[in-house]
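Okay, so here's the structure we're looking at.
The values are calculated or read from the model by the stated rules, or taken from the named source; none is laboratory data. Small disclaimer: the values here were computed from a predicted structure and weren't measured. Please note: Cβ atoms are built from the backbone with ideal geometry, for glycine as well, and neighbour counts cover all protein chains shown. These accessible areas exclude ligands, DNA and RNA; they are computed on the full protein's heavy atoms, side chains included. Shrake-Rupley method; radii C 1.70, N 1.55, O 1.52, S 1.80 Å.
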Amino acid sequence: MSTRRMREEETVTNVETDGGAEPRSLARRALLGGAALSLAACAATPKPEATARAARTQEAGEKLADDELLFMSATRLAALIRSGRVSATEAVTAYYRRIDAVNPRLNAVVQFCRERAYAEAAACDAMAAKGQFKGALHGVPMTIKDSFDTEGVISTGGTQGRAFFVPPKDATAVARLRAQGAILLGKTNTPEFTLGGISGLGTTANILYGMSRNPYDPTRSTSGSTGGGGAIVAAGGAAFDFGSDFGGSIRGPAHANGIAGIKPTTGRVPRTGHIVDYGGVFDSYQQVGPLARRVEDLITIVPLVAGPDFIDAAIQPMIWPDPRRVELSRLRVAYYFDLADDAAQPTPEMRATVQSCVDYLARLGCPVRRSRPPDAVAIQALSTRLREGDGNAWQKRLVEKYHTTVPGPNRRFDYPLIETAEFTRLLEARDAWRSRMMAWVKDFDLIVCPAALGPAPKIGDRSAEGLRGASFTSTYNIAGYPSGVVRAGTSPEGMPLGVMLTAQPWREDLVLAAMLSIEAEFGGWQPPPS
């Protein structure tokens, strides 16, 4: 490790902060009460009207209106702050104003740190006045999923035992984002431990903060478990959010809320400081990554948080290939609409969205072939048996670790125990499936499929529960492959439809390049109703 990198790591793990948390009454929400790098070279991405106005305003040197600040990409906002056209204080003020307007309806942001955010914005502005900048995200406001430790700010992970827990330091990824100049506005809602919400709701919810709602239709789900982050980013209340994905918890909310999100390769980004962090039988399932309105922000953010922290032992010092250098026309594409002939089927509109993306890639020159991953339904069933095979003792240990005396109503510890010999056989079968996956994926550079069966369902709709092969995302948690979701269509109800793009391990560049191109062709994120 170079001396320079060691100094950078020291900076990351010793970020100083001012102020403290702004505690919030836990009774405020009843459970059912509701409510870096400039990528200018990638200019093909279409901008919403507000962003186009912002571009014209920048040229004229005029002050930007709130909606112009709020709906541009984080990458563009960072460039404007660096140029002096926008101050960090202006950005923080605009985002808090937006949160105050939309959050009572969405219940997406559950903790705030306003005093500290304004102090950090003022410090960023003072540095900028001297031509000094912390990093690629200097002055950019963000939110963080409440499952990550945030120094000085209550971090519950959605569990009662941590209702007033204030961490002494940031999670590794949070520290790295703050070291690059990002300013934390607050924490976003998550189910308890990020591991399943409250039965019957079907949206991000916990007993501390209640449930979150979709900005396109408050009667609909945000998905989970980064549902609060997905909702507030889609609504323009944060430049980006940072979440985690154990079985689809970044990609599901990206789909449901019409934004972009990526689960990096297992081993790319440290999980240190996340409520379900590293190690154990399911270590490979969990990855952490960003959600944003525009794909260019994912390209900016992931390399900033990647690489070993010398705590999470699974993280590798892998190179970061530049997505802007990918020749899309050379990619060999596999696509599918379902996980088996007898599996759950997507809606016609979801199917058409995937087909449109495949046809677009074919027009670019990509060879495309319809092909499914092997035994995708069977491996999901096997994985469920593994998760429950110890009677759910691994989740019970989390409850005990955080002194939770009132676990969420979904938490069970009475699953039938599997004999040790059967448990180890299942582990061997899982690894054998991973080998079959590698044999299948070697013939493809990019995999295209639905992000879900259809649009975000109504809160309380249980019609999809228990359907065979209903989850498209978990396959790539078990495999550990990089996988992202970007909006590419709209349902008849006016809800976003996302397409999922996946590649071989360590090839996030292929995923992001394809996401960026599909976003440019089909429009990507669209503003929700006011």
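Observations, loosely collected:
- Within the accessible area of the chain (1.4 Å probe), percent carbon and sulfur: 52
- Computed E for Ser371/Glu327 - FRET, C-beta separation, R0 25 angstrom, nearest 0.05: 0.70
- Difference of contour (0.36 nm per residue) and Cα-Cα distance, Ser284 to Gln355: 22.5 nm
- Net charge dipole size for the chain [Lys, Arg +1 and Asp, Glu -1 on Cβ; Debye, nearest 20]: 280
- Rg and Dmax of the stretch 342-465, Cα atoms only, in Å: 19.6, 58
- Label-to-label distance, nm, for residues given as Trp320 and Ala362 (7 Å Cα→Cβ offset): 3.6
- Around the amide H of Thr150, modelled in the peptide plane, lie the amide H atoms of Ala171, all under 5 Å away and 5 or more residues distant in sequence or on another chain.
- For the chain, accessible area per residue (1.4 Å probe, heavy atoms of protein chains only), Å²: 37
- Sum of -39500 (n - 2.57) over DSSP H runs of 4+, divided by residues of the chain (222 nm, nearest 500): -11000 deg cm²/dmol
- Applying 1/(1 + (r/R0)^6) with r as the Cβ-Cβ distance of Arg412 and Lys63 and R0 = 45 angstrom yields a FRET efficiency of 0.25.
- Once both labels are positioned 7 Å from their Cα atoms along Cα-to-Cβ, the gap between Ser199 and Thr347 label points is 2.7 nm.
- Label point 7 Å beyond Cα of Leu427 along Cβ direction - residues of the stretch 250-279 with amide nitrogen under 14 Å: 279
- For Phe112, distant residues with modelled amide H under 5 Å away: Glu22, Lys187
- With 28 Å as the limit, the listed pairs Lys134/Lys187; Lys145/Lys442; Lys396/Lys458; Lys263/Lys458; Lys134/Lys401 have Lys145/Lys442; Lys396/Lys458; Lys134/Lys401 beyond it between alpha carbons.
- The chain - Debye-derived log10 I(q)/I(0), Cα point model, q = 0.09, 0.11 Å⁻¹: -0.58, -0.89
- Cβ crowding within 10 Å averaged over residues, with 299-307, 78-86 ranked highest first: 299-307, 78-86
- Here the chain carries DSSP beta bridges of which approximately 70% are antiparallel, counting only pairs with both residues inside.
- More than 17 Å apart - percent of Cα-Cα pairs taken over the stretch 451-530: 56
- Gyration tensor (alpha-carbon) shape descriptor, the stretch 105-196, a/c threshold 1.5: prolate
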